[in-house]
Amino acid sequence: MNLKMIVNRMKRRLIIIANTGGEENYCASVIEDRNNYLAYFKSPEGGYWFDNEIIAPDVNSWTKEKLAAVMDEQEKEGRVNHWVIVFAGHGWENSEGHTFLELYPNAPVEDDIPIDWLEERVKCSSCLLIADCCRGNIPLLESVRDSNARIRMFSRGGKLGYDLACRNLYNKQLVKLYPGLFVVGTASSFNEAAKNMPSEEGGLYSYHLLDTAYKEIERFRRENDGDKVLAFSYIHSLAKQRVISYSKDKQHPELWSERGAQPPFCVIPEW
């Protein structure tokens, strides 16, 4: 099978999990974070993901059993080459350094999933996990995030040729990734809260991650000197500095990754 056929047959899946929490720890901005990520990944520069590649039900729709069933079902239809999993909601970290994600409001601790659980489930694929959550050392150690996020739409004007060029460039980068690659971007470090934008524009990390992507896309568009693929690690590193600055050194996003090829986050084909 030649490279062109492999690129065209890349099987990728995007899962977006959003948990607003219960009455005592309600996070309104999670709804906007979900919608903003969905808009970004469906945009040309975000990889031009098709609807049949995306699993993004309404907020508070996931349980551990449902997530496992959905992932198993996708694998039954043929191995997934690359996963992107976005989590926005409540999280915590235990004394052994394991980060847990709360999938639905007021879930008992035993129903929260450790990031290690996700890594095991995707070990035959490459995977990017974006986790915008707190990592306090007890469950529900969260400050309320109450905001209405705004994010620019990413679009070149809906030209089909450009859209497909973006998708093709994105898939070419995915081919370079190896099964078992598991890259995680977290909004905070151990025992830190994941805060919202002071101006009520969404979660601090998610806002700056997507806004940084937008700014870099525009910068490379202006240069227009060939195809550009911007890795998640690169966008995360720029967004991290902005988060640290805006939080006055109280929130420090982390990147868990290995050396080598990195998942793409932005693609800008020469056009």
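The values are calculated or read from the model by the stated rules, or taken from the named source; none is laboratory data. This structure is a prediction, so every number in the text was calculated from the model and none was measured. Cβ sites come from the backbone with ideal geometry, for glycine too, and all protein chains shown count toward neighbours.
Residues checked against (1) of a type in the set (A, V, I, L, M); (2) touching a helix residue (DSSP H, G or I) at 6+ places or on another chain (Cβ under 7 Å):
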position: R9; (1), (2): no, no
position: I17; (1), (2): yes, no
position: V30; (1), (2): yes, no
position: N35; (1), (2): no, no
position: Y48; (1), (2): no, yes
position: I55; (1), (2): yes, yes
position: V86; (1), (2): yes, yes
position: E96; (1), (2): no, no
position: E110; (1), (2): no, no
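Name the pairs: first residue in the stretch 201-214 and buried (at least 24 other Cβ atoms within 10 Å of the Cβ), second residue of a type in the set (D, E), Cβ to Cβ under 7 Å, at least 6 apart or on different chains?
Listed by first residue and then by second, the contacts come to G202/E32; G202/D33; G203/D33; G203/D132; Y205/D132; S206/D33; S206/D132; Y207/E201.
Of everything in the stretch 42-77, what is within 19 Å of E119 (Cα to Cα), of a type in the set (G, A, S) and in contact (Cβ under 8 Å) with a residue 24 or more places away in the chain? Give them in sequence order.
A68
Looking at the stretch 30-54 only, could you name the residues that are in contact with a strand residue (DSSP E or B) (Cβ under 8 Å, 6 or more places away or on another chain), of a type in the set (A, V, I, L, M, F, W, C) and either part of a helix (DSSP H, G or I) or surrounded by fewer than 18 Cβ atoms within 10 Å (Cβ to Cβ) (or both)?
Within the stretch 30-54, V30, I31, L38, F41, I54 meet the criteria.
Identify, please: which residue in the stretch 85-103 is among the small types (G, A, S) and not in a loop (DSSP other than H, G, I, E, B) and is, among those, modelled with the highest pLDDT? Let's see the steps before the verdict.
Step one: of the stretch 85-103, the residues among the small types (G, A, S) are 88-89, 91, 95, 97.
Adding the requirement that they be not in a loop (DSSP other than H, G, I, E, B) leaves 88, 91.
Values: A88: 94, G91: 91.
Looking at residues that are among the small types (G, A, S) and not in a loop (DSSP other than H, G, I, E, B), I get A88.
Out of V59, V7, V70, I need the residue that is assigned to a helix (DSSP H, G or I), modelled with pLDDT of 90 or more, of a type in the set (V, I, T) and more than 18 Å from S188 (Cα to Cα). Which one? Working first, answer last.
Numbers: V59 fails: assigned to a helix (DSSP H, G or I); V7 fails: modelled with pLDDT of 90 or more.
Selected residue: V70, the only one of V59, V7, V70 that is assigned to a helix (DSSP H, G or I), modelled with pLDDT of 90 or more, of a type in the set (V, I, T) and more than 18 Å from S188 (Cα to Cα).
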